[in-house]
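The values are calculated or read from the model by the stated rules, or taken from the named source; none is laboratory data. Computed from a prediction, not measured in an experiment: that's the story for all the values here. Methodologically, a virtual Cβ is constructed for each residue, glycine included, from the backbone with ideal geometry; neighbour enumeration extends over all protein chains shown.
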Amino acid sequence: MGYDFRISSFVDERSYHNTAILIYLKAAKDVTGLDMKIGNSLNQGYFSYASRALSSTEIHRIWNRMEQIISSDAVITETDIPVTEAAAKWEAMGCNEKARLLKYRDPDETVTLAEIEDYTCCMYCRVLPSAGYIDLFELRPYRNGVLLRLPNALHPDSIPDYRDDDKLYDAFAVSNKNRKKTGIRYLSDVNDRIHEGLTNELIASSESMQNRQIREFAQTIVWEGKQIVLIAGPSSSGKTTTAKRLCEAIAEITEPPLYLGTDDYFVERRDTPLGEDGEPDFEGLGALDLELFNTQMEDLLLGREVDIPEFDFIEGRKIFGRRITSLNEGQILVIEGIHSLNDILTKNIDRSMKFKIYISPLTQIGIDRHNRVSTADARLLRRMVRDNQFRGYNAEATLNIWHKVRAGESVNIFPYSSSADVVFNSSTVYETNMLRTFAEPLLEAIREDSAQYEEAQRILNFIRFFEKIENTEAVPDNAILREFIGPRK
């Protein structure tokens, strides 16, 4: 169509992706008559599925139908309608979870519906004006569903290289299985529990499932005789709390492990390499003293005494002499840090000795069958609240650096997730409802003249579908969410 549109930010990426998903849902309905459900992000794309598996021929026909819609530059209209009207519309279409999501909203509120030709959906976010803006996409069969793969802010001119995130798929499968046990599938189920006065039970069951999985990891580590546990994940995944809970679980079976964080192995600040922007790159592997780290890890595993440094972030240097320690025979070493899954970090240690854990809040519920809570949004809310609670930053400051954080993760963390032995889903079904209580006033404080105002409004409109949980007392002291909202008063 010749539209001059390029994905130059994560805001653009979201609009492009939502528009492509809308076209995909329309095309799949036209070809198969089935209502495709959008699951989580997977394999550099979106995993979708229907009431039955689709054949390769059907997937190819959906691809062709999408290309027809795009080449015709079908107009996409967005219309605001009252929530009562929208609820009645979803009821008539058999989308009960969408209708139930609106029953607690003020009747005077409106909901934005996106329509392309004769297909209507609620995308909860801006879409592009017409189908012709979508110039790149890919469909491919995966397991019992279909992957819709698209360009993104880091690869705006091509589809990212494919990687099989099979461990992530397995983690999503475990979450889906757990949801079925509790009867919670969509956000409307969570909101109903809150209005029924079952918030404490909701929290308890979610935390119990996480505890069970951490104990299973601990048992596997001990029974398989692993000597070093490596934990990594993107920003605000809950790595520190998870590592400590894993240490406690291991200590229930055998000798308490030795816990280390890689941040103490930063090079002296004057030696920190510079990034492409000319600023110090504290996220890259070059910011760590790899030679010292490898030498000390080898010595520890051989039972030698080691002088582990403590990094003074004010002075920008390592301080020695404060933590001289050694490992007992059979004692496990637990290491947490963003590069822990990168084998360069532990290049001198045999792979058979390692147990790798990738951690991320792989959101457990869908807003509805066509919309998901993105992992990036889940982490952003966590970080926004933590930055304000513990670092004195406002929401605008967090949003200003978020693009840089995500860009760093795409280089230093995500490429190594597939090397993990297991994936731990650190999200809980109730957390966004509780984080809304903390995040909403922070986002409302962002003024209209701010460069982050539009993004703040998007997040506000999104989190207001989550019924608030204001009382935090039922959240256990060792819960991952405590890492972000703080301890009990």
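Numbers for the structure displayed
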quantity	calculated
Selection status of residue 489, part of a helix (DSSP H, G or I), among the charged types (D, E, K, R) and surrounded by fewer than 21 Cβ atoms within 10 Å (Cβ to Cβ)	no
Residue match in segment 155-176 (condition: under 19 Å from residue 50 (Cβ atoms), of a type outside the set (Phe, Trp, Tyr) and crowded, with 17+ Cβ neighbours inside 10 Å)	no
Qualifying helices (runs of 4 or more DSSP H) (wholly inside segment 156-264; at least 2 residues being touching an Asp or Glu at 6+ places or on another chain (Cβ under 7 Å) and either of a type in the set (D, E, K, R) or within 21 Å of residue 414 (Cβ to Cβ) (or both))	239-251
Test: residue in segment 390-402 that is without any contact (Cβ under 8 Å) to a residue 40 or more places away in the chain and under 27 Å from residue 182 (Cα atoms)	no
Residue, nearest to residue 140 (Cα to Cα), within segment 73-84, restricted to residues that are of a type outside the set (A, V, I, L, M) and in contact with a Ser or Thr (Cβ under 9 Å, 6 or more places away or on another chain)	73
Residues that are surrounded by fewer than 17 Cβ atoms within 10 Å (Cβ to Cβ) and closer than 14 Å to residue 268 by Cα, drawn from segment 295-316	310, 312, 313, 314, 315, 316
Yes/no for residue 287 being over 18 Å from residue 349 (Cβ atoms) and at pLDDT 90 or above	no
Residues of segment 22-69 satisfying the condition of being out of contact with any strand residue (DSSP E or B) (no Cβ under 9 Å at 6 or more places or on another chain), farther than 17 Å from residue 144 by Cα and not small (Gly, Ala, Ser)	31, 61, 64, 65, 67, 68
Flag if residue 432 is buried (at least 22 other Cβ atoms within 10 Å of the Cβ), of a type outside the set (A, V, I, L, M, F, W, C) and either closer than 24 Å to residue 208 by Cα or modelled with pLDDT under 90 (or both)	yes
Residue satisfying condition, being hydroxyl-bearing (Ser, Thr, Tyr) and either in the same structural domain as residue 239 (by TED's automatic domain parsing) or farther than 29 Å from residue 77 by Cα (or both), within set 208, 158	208
Residue tally, condition surrounded by fewer than 21 Cβ atoms within 10 Å (Cβ to Cβ), modelled with pLDDT of 90 or more and not in a strand (DSSP E or B), over segment 36-51	2
Test result for residue 59, at pLDDT 95 or above and surrounded by 22 or more Cβ atoms within 10 Å (Cβ to Cβ)	no
Options 391, 372; residue that is within 27 Å of residue 95 (Cβ to Cβ), charged (D, E, K, R), modelled with pLDDT under 90 and out of contact with any helix residue (DSSP H, G or I) (no Cβ under 8 Å at 6 or more places or on another chain)	372
Count of segment 366-417 residues which are under 30 Å from residue 119 (Cβ atoms), among the β-branched types (Val, Ile, Thr) and surrounded by fewer than 21 Cβ atoms within 10 Å (Cβ to Cβ)	1
Failed condition for residue 194, given (1) in contact with a helix residue (DSSP H, G or I) (Cβ under 9 Å, 6 or more places away or on another chain); (2) surrounded by 17 or more Cβ atoms within 10 Å (Cβ to Cβ); (3) within 28 Å of residue 11 (Cα to Cα); (4) not aromatic (Phe, Trp, Tyr)	(3)
Residue satisfying all of: in segment 279-294; without any contact (Cβ under 8 Å) to a residue 24 or more places away in the chain and assigned to a helix (DSSP H, G or I); surrounded by the most Cβ atoms within 10 Å (Cβ to Cβ) among these	287
Failed condition for residue 14, given (1) in a helix (DSSP H, G or I); (2) without any contact (Cβ under 8 Å) to a residue 24 or more places away in the chain	(2)
Residue within segment 348-359 that is buried (at least 19 other Cβ atoms within 10 Å of the Cβ), in contact with a Pro (Cβ under 7 Å, 6 or more places away or on another chain) and within 23 Å of residue 435 (Cβ to Cβ) present	no
Long-range neighbours under 8 Å by Cβ, at least six apart or interchain, first residue without any contact (Cβ under 8 Å) to a residue 40 or more places away in the chain within segment 63-83, second assigned to a strand (DSSP E or B) and polar (S, T, N, Q)	79/112; 80/110; 80/112; 81/110; 82/110; 83/110
Members of segment 373-409 that are among the basic types (Lys, Arg) and under 19 Å from residue 155 (Cα atoms)	404, 406
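Per-residue answers, yes or no, for (1) under 29 Å from residue 275 (Cα atoms); (2) at pLDDT 95 or above:
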{"site": "402", "(1), (2)": "yes, no"}
{"site": "406", "(1), (2)": "yes, no"}
{"site": "416", "(1), (2)": "yes, no"}
{"site": "423", "(1), (2)": "no, no"}
{"site": "438", "(1), (2)": "no, yes"}
{"site": "441", "(1), (2)": "no, yes"}
